[in-house]
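Right, one structure below, let's go through it.
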């Protein structure tokens, strides 16, 4: 009985069985994303890939742009830029537009992007890029 309790506590601590198969479904498993390169990924509503985390590093201060282009213009996906501690810096929800662009002035450091599918209309392929215009 103790074994079952320990196993269920471990599963709950990991975020549940739905997130175990998603390699970038949690911030601690964010996929590295070098600056100035376009990457593609997808969100699925029926599966266990409803959110993706990306991580990148900025080495010089400047204006940071994060651009996400979805293949469905009618979705309600959300994109959130977070700092190294996970604190919210910018957020936008897709609204009849296949493209979201976040812009923030930043100093050198580590940043995260969270791409989320809050409902099934957001199931989509997307391309994502982070770039910086140095000061």
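The values are calculated or read from the model by the stated rules, or taken from the named source; none is laboratory data. Since this is a predicted model, take the numbers as computed values, not measurements. Positions of Cβ are generated from backbone atoms using ideal geometry, with glycine treated the same way; all protein chains shown enter the neighbour counts.
Assorted remarks:
- Some residue of segment 58-67 being farther than 25 Å from residue 135 by Cβ and at pLDDT 85 or above: no
- Exclusive hit being within 14 Å of the chain's Cα centre (by Cα), modelled with pLDDT of 95 or more and more than 16 Å from residue 55 (Cβ to Cβ), set 82, 105, 91: 91
- Among residues of segment 77-109, those that are farther than 19 Å from residue 25 by Cβ and in contact (Cβ under 8 Å) with a residue 40 or more places away in the chain, counted: 7
- Counted residues, segment 110-124 - those being assigned to a strand (DSSP E or B) and either within 13 Å of the chain's Cα centre (by Cα) or loosely packed, with under 12 Cβ neighbours inside 10 Å (or both): 6
- Any hit, segment 32-45, residues being in contact with a strand residue (DSSP E or B) (Cβ under 6 Å, 6 or more places away or on another chain) and at positive phi: yes
- Complete set of residues in segment 82-99 that are within 17 Å of residue 130 (Cβ to Cβ) and not in a strand (DSSP E or B): 83, 84, 86
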